[in-house]
Amino acid sequence: MPIKINSLNDLKQKANKFEKQLESSTVISICSGTGCKAYSSDDVYSGLQREIKKNKAEGKIILKRTGCHGYCERGPIVVIYPQGTCYLGVTEKDIPEIVGKTIKGEVAESLVYKDEDGKPIFKESDIPFYKFQKRVVLSNNSKIDPKSIDDYIRIGGYQSLARVLEKMEPEDVIKTVKDANLRGRGGGGFPAGTKWEITRKAPGEPKYTIVNSDEGDPGAYMDRSILEGNPHSVLEGLIIGAYAVGSGKGFVFVRHEYPQTVENIRMAIKRAREYGLLGKNILDSGFDFDVEVHEGAGAFVSGEETALLRSIEGKVGEPTPKPPYPATEGLYSKPTLINNVETWANVPFIIKNGAEWFRTLGTKKSSGTKIFSLVGKVNNTGLVEVPMGVTLRDIIFKIGGGIKNGKKFKAVQTGGPSGGVIPGELLDLPIDFDELTKAGTMMGSGGMVVMDESDCMVNVTHYFLKFLADESCGKCVPCREGLRQMIYIYERIMEGKGREEDLKLLSDISMLMKEASLCALGTTAPNIVVTTLKYFREEYEAHIYYNICPAKVCRPLISYVIDKNKCAGCGSCVKACPVDAITGENKKPHSIDDKSCIKCGSCMEACPEKYSAIEKKTGIAVVEEKEKKEIRSGMNIKSQ
Amino acid sequence: MENNTNIQTYLQRIKKRGFRLTKTRTIVLDTLLENQKELTAGELFFLSHKKYSKIGMATIYRNIKLLEEESLIKRAGFDEGKAKYRIRTGWGPTRKKSDPEPVKSKLVKSSGQIKTTDILMGNTNPRGTGGSYRDVERINIIQGQLNGWLNDLNEIKEKKELELEDVIKDFGTVDKIINNHDNQKSNLIQMLLDVQNEYRWLPKHILLYIGSKLDISLTDIYGITTFYKYFNLEPIGKHSIIVCMGTACHVRGAMNLLQRIVNILGVKPGDTTGDYKFTLDTVNCLGCCALGPVMMIDNKYFSNPSTGKLKKILNRF
């Protein structure tokens, strides 16, 4: 039965004890984030367990499952401590080698990262992906087992909370957070200290504190990694915040689509209660606070703070007008402090190292680090934590390793569906809250989707508009109707039936939605339209005036063609075609019937590489004689 | 409980009001008349179902509501939180001014039980068959409502509703779920999540039950289940296939992957295969962007399987 922890000293003693327990052993840690689990890291874990037992090495080797390491492209990731040796892409057949070498104190060279010259890099922190990052919030993910509160305590966990409860008044805490200039990491960027102060001063009891983990941006999974890989850090921040504003009850609102995360946070709360770190009289200080987990049920708009509050109240998760803001009138109309997971996770570090330390990271107006999920057409997909002010170019090329398959960079989409695109000429923009907003996009919660020359901006914008229209609550006309009408226009453009006035119409609707929508979903939805129109207008014009899709994506505007000179008549494509559109005699060049072709691309995939006889063409089947207009940048508009 | 005269009066009143006695309603009333004590909805269902198997829980609830509105039955106390009903004997003012004549005692059967149909078969209405114009109008309205309800009932049956024993068991499970969330209205979404985890979908009789226990109208419950995408209001397949359509997967070819799956299964996203083996769905991000495009079957992930590989994978299930 765990004994309650009563003071900062208790925590320090426990930390020393746990650290000593590890001193004489070697630790093999394997990443068990959802991403690596999808790569069967669980099977690797069981395999390692068996192998260690087989070699009777349980006394010398401790096997641990950790949270997400972030280098998701190369999972499953295994790290050996205390050396810090990192093995990438571990599969079950590598297990005997890993265990064998670790027992002997040697390194399994074949599994280690190799740079361009083939030189091995042994330590995780030296790998280029990690070297250029500044890991603060994610730093501990690779060192601890998220299901173990003892592991968190071992690395100094909950000591910030103890310090706050023993030595600081609530006003001092608020002052520290204000001085640090911690801005909300969920996308809004509102100064957290100010929000805390408003909530504290607002009249009304009881006050609530909420963790917003309803991370709905597709392609973004920073919050999942924090909450799943180090749930106690978020809890610690939450309790500190609750103390600062005088709240006795908290909620963690987490997506149902993150089952591992839900399990980990529930377990963390249970363990914290057992140690007296949650509940009545926390750490013997007289402060009471407890937390409940609420799961979302699949609505993107419920991540908006007012919609989230309605969801917790058991109602339909639709946004309500602001003001009043949740800080004054939130859950059940009481003052409610609601912050994003990453914001909360920063708090223990700020208390531990001080506001000044936090301000040394980042830029003048945006202090600290930010986690980005770098995904799409990059070589190194994963979670990246950098100080604010690092340029997009550095993130994509230095950390991300450049564009996959040697293609050319086209644009990077930031901020999820609420953000816009940034073209190549703006790659040297420093990333922080304000710079990106000036460029027309926003940093948002940290999603960063890299696109190359094979992505069509019209198609991508249509994709985001469809997503937003699907997720829109439908309450206000500008958002509900604006999105729908814009989608009709895009569908016409993608079919080759675009009209001249479409572009002006899109701008007008965008302006209307920005001014008149009820919540941020509607006001930020036009960002993608406006930025793609601004930076990629020639692509739209090619679709409208010439019925060409330069990136060869929009199905009505492309055709798959078999090159008669290259085709050997092997028939692989005939088998692959789901609609039997390919005909031809054996060993003679085949041909595709454009009318029945559904442009799925299966034939191109099936064609053996030595022939590579199938290619995509645009503009052949549908070019009409239209009055030619001048296009902004001289683009080669002949049939490509 | 009631003496014979009151029962006759009661049945007279039913006919006088132009209240159409269908088979189901007759059985419900019979059950109440036969049993000397008050019955809960569940007990009523159990006993009625034994007589006529085409009665479902939804029918019981509907009829209880209707009969209550018509002041033919009333709520009489609670049994562990469940309302109990019995035939209503005390009468307020009626529409017709003259009191109905008592029915001849020769209709009383030897067992002492009286069947409503007997009374209707015999011409006991002192005003003769037919009725006033208002009665006919009322009959038509009620008939229309009834047809609507019968259609609902058939729809539910066609959607593979559960058997009687399972229904009774269900309420025990649902009671546990409601208790786990402190019987609070505000925890409705959490309760529905648990129900869906248990049954893979939200059967209508369970929604009605939760509504009646927590005093939430069915409209409000449907408002929530139709707003949040996670909830299924129709039975779904044994295995769920989910294709990620998040941005990262989209740029890596999620649409092509979806097309390949649709070609093999023959169903669109949101639909279930005819043999109820697979349900195909899309989500907006699974959080494993490095594997994109990702497909998930139950809780196993697959990264960009080709058509051939897909066929092998699907055969495994």
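The values are calculated or read from the model by the stated rules, or taken from the named source; none is laboratory data. The structure displayed is predicted, hence computed values, not measured ones. No Cβ is skipped: glycine too gets one built from the backbone with ideal geometry, and neighbour counts run over all protein chains shown. The accessibility values were calculated without ligands, DNA or RNA, using every heavy atom of the protein model including side chains. Shrake-Rupley method; radii C 1.70, N 1.55, O 1.52, S 1.80 Å.
How many residues are within 14 Å of another protein chain (Cβ to nearest Cβ), crowded, with 16+ Cβ neighbours inside 10 Å and in a loop (DSSP other than H, G, I, E, B) when one looks only at the stretch A:561-585?
Of the residues in the stretch A:561-585, 2 are within 14 Å of another protein chain (Cβ to nearest Cβ), crowded, with 16+ Cβ neighbours inside 10 Å and in a loop (DSSP other than H, G, I, E, B).
If A:PRO259 satisfies all but one of (1) in contact (Cβ under 8 Å) with a residue 24 or more places away in the chain; (2) out of contact with any helix residue (DSSP H, G or I) (no Cβ under 6 Å at 6 or more places or on another chain), what's the number of the condition it fails?
Here A:PRO259 clears every test but (1).
Go through A:ILE239, A:ILE210 for me and flag whichever is away from chain B (no Cβ under 13 Å) and assigned to a helix (DSSP H, G or I).
The unique qualifying residue is A:ILE239.
Can you tell me which residue is surrounded by the most Cβ atoms within 10 Å (Cβ to Cβ) among those in the stretch A:215-236 that are at pLDDT 90 or above and of a type in the set (Gly, Ala, Ser)?
A:SER233
Could you please let me know if A:LYS595 is more than 25 Å from A:CYS456 (Cα to Cα) and open to solvent by 60 Å² or more (accessible area, probe 1.4 Å)?
Criteria not met by A:LYS595.
Go through the stretch A:468-478 residue by residue and tally those that are assigned to a helix (DSSP H, G or I) and open to solvent by 10 Å² or more (accessible area, probe 1.4 Å).
Here the count works out to 5.
Of the numbered conditions (1) out of contact with any Asp or Glu (no Cβ under 9 Å at 6 or more places or on another chain); (2) open to solvent by less than 10 Å² (accessible area, probe 1.4 Å), A:GLU342 satisfies every one except a single condition; which is it?
The single condition A:GLU342 does not satisfy is (1).
Identify, by number, the condition in (1) away from chain A (no Cβ under 13 Å); (2) outside any helix (DSSP H, G or I); (3) surrounded by fewer than 20 Cβ atoms within 10 Å (Cβ to Cβ) that B:GLU198 doesn't meet.
All conditions are met except number (2).
Please go through the stretch A:267-293 and give me each residue that is closer than 21 Å to A:GLU342 by Cα and either over 22 Å from the mean Cα position of the chain (by Cα) or crowded, with 24+ Cβ neighbours inside 10 Å (or both), ordered by number. First the steps, then the outcome.
Of all residues in the stretch A:267-293, those closer than 21 Å to A:GLU342 by Cα come to A:267-269, A:272, A:277-278, A:289-293.
Of everything in the stretch A:267-293, those that are closer than 21 Å to A:GLU342 by Cα and either over 22 Å from the mean Cα position of the chain (by Cα) or crowded, with 24+ Cβ neighbours inside 10 Å (or both) turn out to be A:MET267, A:ALA268, A:ILE269, A:ALA272, A:LEU277, A:LEU278, A:PHE289, A:ASP290, A:VAL291, A:GLU292.
Please verify whether the stretch A:616-631 includes one or more residues that are of a type in the set (Asp, Glu), at pLDDT 85 or above and either in the same structural domain as A:ILE422 (by TED's automatic domain parsing) or open to solvent by 30 Å² or more (accessible area, probe 1.4 Å) (or both).
Let us first name the residues in the stretch A:616-631 that are of a type in the set (Asp, Glu), namely A:624-625, A:627, A:630.
Next, only the ones that are at pLDDT 85 or above stay: none.
Scanning the stretch A:616-631, I find no residue that is of a type in the set (Asp, Glu), at pLDDT 85 or above and either in the same structural domain as A:ILE422 (by TED's automatic domain parsing) or open to solvent by 30 Å² or more (accessible area, probe 1.4 Å) (or both), so the answer is no.
Is there a residue being open to solvent by 10 Å² or more (accessible area, probe 1.4 Å), free of Cβ contacts under 8 Å to residues at least 40 places away in the same chain, part of a helix (DSSP H, G or I) and acidic (Asp, Glu) anywhere in the stretch A:394-404?
Within the stretch A:394-404, none of the residues are open to solvent by 10 Å² or more (accessible area, probe 1.4 Å), free of Cβ contacts under 8 Å to residues at least 40 places away in the same chain, part of a helix (DSSP H, G or I) and acidic (Asp, Glu).
What are the pairs, 6+ residues apart or on separate chains, where a residue within the stretch B:61-73 that is among the hydroxyl-bearing types (Ser, Thr, Tyr) has its Cβ under 7 Å from a residue that is assigned to a helix (DSSP H, G or I) and modelled with pLDDT of 80 or more?
Matching pairs, first to second residue: B:TYR61/B:ALA41; B:TYR61/B:LEU208.
Just one of B:LYS229, B:LYS185 is closer than 18 Å to B:ASP271 by Cα and touching a Gly at 6+ places or on another chain (Cβ under 7 Å); which is it?
Every option except B:LYS229 fails the conditions.
Quick grid of which residues meet (1) in a strand (DSSP E or B); (2) at the interface with chain A (Cβ under 8 Å from one of its Cβ atoms); (3) touching a strand residue (DSSP E or B) at 6+ places or on another chain (Cβ under 7 Å):
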| position | (1), (2), (3) |
| --- | --- |
| B:HIS205 | no, no, no |
| B:LYS213 | no, no, no |
| B:GLY223 | no, yes, no |
| B:GLU234 | no, no, no |
| B:LEU258 | no, no, yes |
| B:ILE261 | no, no, yes |
| B:VAL267 | no, no, yes |
| B:ASP275 | no, no, no |
| B:LYS312 | no, no, no |
